[in-house]
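The values are calculated or read from the model by the stated rules, or taken from the named source; none is laboratory data. Please read all numbers here as calculations on a predicted model, not as lab measurements. FYI the Cβ positions are ideal-geometry reconstructions off the backbone, even for glycines, and counts take in every protein chain you see.
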Amino acid sequence: MPKLQFDWDDAVAHVTKRDKRIAGVIRKLGHLRLEPRPLKSPFHALMRAIIYQQLSGKAAATIHGRLMETFGSKRDVTPANLLKLKDAQIRGAGVSGNKMKALRDLAQRAEAGEVPTFAKLCRMEDAEIVERLTGVHGIGRWTVEMLLIFQLGRPDVLPIHDLGVRKGFAIAHKLKELPTPDELTDLAEKWRPYRTVGSWFCWRATEI
């Protein structure tokens, strides 16, 4: 299974040296670290991501749990079995119509071999993974970036549209307004090649 694809301590040292404001966050929370916890397969990870989109964690977890129960057991959660579920079963778990369409498209593509395994994803470049997976209905760049960070442990991912990252950057740098995605792209250039670490500590900055 995938694990962190870089040395965490070296990356933290790099970001600390390049960004004094984020270094302050790291001094407070440096005992914390990113630990990828891959799910069974990219299909499972993306299925979960679709359900969690635009919902609070608690609501999404409830819907995800209900949908899992319709399969009977964890072993039965497969693309083929998802395609066998009736619309009423999926909607009955609380899944919206648009998300149901996304889940079915994901399952069809996974069945057709268009969703790479973790082993194959580990051999692909970030940009290639983004291009491949955003072809699935309902999967946008942000969703794939979360997979790159939390499932594949990639070192240089910057989710410029993530509200938490933008908010954390503003908090750490004492900005009056959130940086726009384009502004964040430029401002976070100094973290390269470890923009994942800078982003992760921006999330942590919102918790201080």
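Conditions tested, residue by residue: (1) farther than 17 Å from Tyr194 by Cα; (2) hydroxyl-bearing (Ser, Thr, Tyr); (3) free of Cβ contacts under 8 Å to residues at least 40 places away in the same chain.
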site	(1), (2), (3)
Trp8	no, no, no
Gly30	no, no, yes
Lys40	yes, no, yes
Tyr52	yes, yes, yes
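Going by the conditions given, is Val157 more than 30 Å from Ile63 (Cβ to Cβ) and of a type in the set (A, V, I, L, M, F, W, C)?
No: the conditions fail for Val157.
Which one is modelled with the lowest pLDDT, of the residues in the stretch 44-58 that are crowded, with 16+ Cβ neighbours inside 10 Å and outside any helix (DSSP H, G or I)?
Leu55
In the stretch 99-119, which residues are touching a residue at least 40 places away in the same chain (Cβ under 8 Å), part of a helix (DSSP H, G or I), closer than 13 Å to Val136 by Cβ and of a type outside the set (Gly, Ala, Ser)?
Lys99, Leu103, Leu106
Just to be sure before I move on: is Asp162 of a type in the set (Asp, Glu) and in contact (Cβ under 8 Å) with a residue 12 or more places away in the chain in the structure I sent?
yes
State whether one or more residues within the stretch 146-154 are polar (S, T, N, Q) and under 18 Å from the mean Cα position of the chain (by Cα). Let's see the steps before the verdict.
Filtering the stretch 146-154 for residues polar (S, T, N, Q) gives 151.
If we keep only those that are under 18 Å from the mean Cα position of the chain (by Cα) too, we end up with 151.
There is at least one residue in the stretch 146-154 that is polar (S, T, N, Q) and under 18 Å from the mean Cα position of the chain (by Cα).
Give me a count of the residues in the stretch 59-81 that are under 19 Å from Gly92 (Cβ atoms) and in a helix (DSSP H, G or I).
13
Anything in the stretch 167-199 that is more than 16 Å from Ala23 (Cβ to Cβ) and crowded, with 22+ Cβ neighbours inside 10 Å? List them, or say none.
Residues satisfying the conditions are Leu184, Thr196.
Look through the stretch 66-89, keep the residues that are of a type outside the set (S, T, N, Q) and within 23 Å of the chain's Cα centre (by Cα), and return whichever of them is surrounded by the fewest Cβ atoms within 10 Å (Cβ to Cβ).
Selected residue: Lys74.
Asp105 versus (1) at pLDDT 95 or above; (2) farther than 19 Å from Leu147 by Cβ: which is the lone unmet condition?
Answer for Asp105: the failing condition is (2).
Give me the residue from the stretch 146-162 that is farther than 20 Å from Asp19 by Cβ and not polar (S, T, N, Q) and, out of that set, surrounded by the fewest Cβ atoms within 10 Å (Cβ to Cβ).
Of the residues in the stretch 146-162, the ones farther than 20 Å from Asp19 by Cβ are 146-148, 150-153, 161.
If we keep only those that are not polar (S, T, N, Q) too, we end up with 146-148, 150, 152-153, 161.
Working: Met146: 17, Leu147: 24, Leu148: 23, Phe150: 21, Leu152: 23, Gly153: 21, His161: 14.
That would be His161.
What's the number of the only condition in (1) surrounded by fewer than 16 Cβ atoms within 10 Å (Cβ to Cβ); (2) free of Cβ contacts under 8 Å to residues at least 60 places away in the same chain; (3) outside the structural domain of Val165 (by TED's automatic domain parsing) that Ile63 fails to meet?
If we test Ile63 against (1) surrounded by fewer than 16 Cβ atoms within 10 Å (Cβ to Cβ); (2) free of Cβ contacts under 8 Å to residues at least 60 places away in the same chain; (3) outside the structural domain of Val165 (by TED's automatic domain parsing), just (1) comes out false.
Just give me the residues in the stretch 24-43 being crowded, with 18+ Cβ neighbours inside 10 Å and in a helix (DSSP H, G or I), in sequence order.
Within the stretch 24-43, Val25, Ile26, Pro42, Phe43 meet the criteria.
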